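A quick write-up on the structure given underneath.
What follows draws every value from the coordinates through simple rules; no lab data is involved. Computed from a predicted model, the values in this text were never measured in an experiment. Every residue, glycine as well, gets a Cβ built from its backbone with ideal geometry; the counts of neighbours run over all protein chains shown.
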Amino acid sequence: MLTRNGFSVKVVMAPNATKFISPLVFEELTKNPVYVEMFERKENIEHIALCQWADFLVICPLSANTLSKIATGICDNLLTSIVCAFPSSKKILLVPAMNKNMWRNPVLQDNVKKLKKYKKYVIMNPEKGELLCKDVGIGRLPSLKKIYHKIKSLI
């Protein structure tokens, strides 16, 4: 949806995300390379170069693991390093999606509250519905249309 509407998109995947979907899918959709590992490509210091290139970040879907890493400042992969180095003058849209019990976990909710304190982060809460695991509850990714409209509202 973003590329069809004139956005230039570069995808950064956490290493575990590649177990759910192949980076080749995003390379085909965006016509750009997909970034996964730190120091994988040789052209620049990647996390800094990608921060300078991007006007804003969208992390979608955002796992409980990555959300917690962001909230605690852990930079152990390319994605979390980009988030840490991203200028505070630019927005980061976080779109969590996970099992309902993970979303309700009090430690995770403390991390969500922590991130909401910073203007840099915009959190789009998950919705209620059928989840990937077939449970029903809050944890479902909002519709792509809603995410797109949220992105448009941030620029």
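3J(HN,Hα) along the range 102-113, derived from phi through the Karplus expression 6.51 cos²θ - 1.76 cosθ + 1.60 where θ = phi - 60°, amounts to 5, 4, 7, 3, x, 5, 4, 4, 4, 5, 4, 4 Hz, with x in place of Gly and Pro. Length gained on full extension, Tyr118 to Glu37, computed as 0.36 nm times the residue gap minus the Cα-Cα distance: 26.5 nm. For the chain, what is the percent of antiparallel DSSP beta bridges, rounded to the nearest 5? Within the chain, antiparallel bridges account for around 30 percent of the total. Under a Gaussian network description of the chain, with springs only between Cα atoms under 10 Å, the residue in Thr66, Thr80, Thr30 that fluctuates furthest is Thr30.
Mean residue ellipticity, 222 nm, helices only, the chain: the sum of -39500 (n - 2.57) across DSSP H runs of n ≥ 4, divided by residue count and rounded to 500, is -10500 deg cm²/dmol.
Taking Pro106, Pro61, Pro96 in turn, the Gaussian network model of the chain (Cα-Cα springs below 10 Å) assigns the largest fluctuation to Pro106. Compared with the dominant principal axis of the Cα atoms in the chain, helix 144-154 is inclined by about 60°. Projected label points at Asn125 and Ser89, each 7 Å from Cα along the beta carbon direction, are separated by 3.3 nanometres. Hand me the GluC sites (Glu not before Pro) from the range 1-106 located in a DSSP loop with no more than 11 other Cβ atoms within 10 Å, in residue order please. Filter output for the range 1-106: Glu40, Glu43.
The label-point distance for Ser22 and Ala49, in a model that sets each label 7 Å from Cα toward Cβ, rounds to 2.5 nm. Divided by 2.2 N^0.38 Å, where N counts the residues, the Cα radius of gyration of the chain comes to 1.02.
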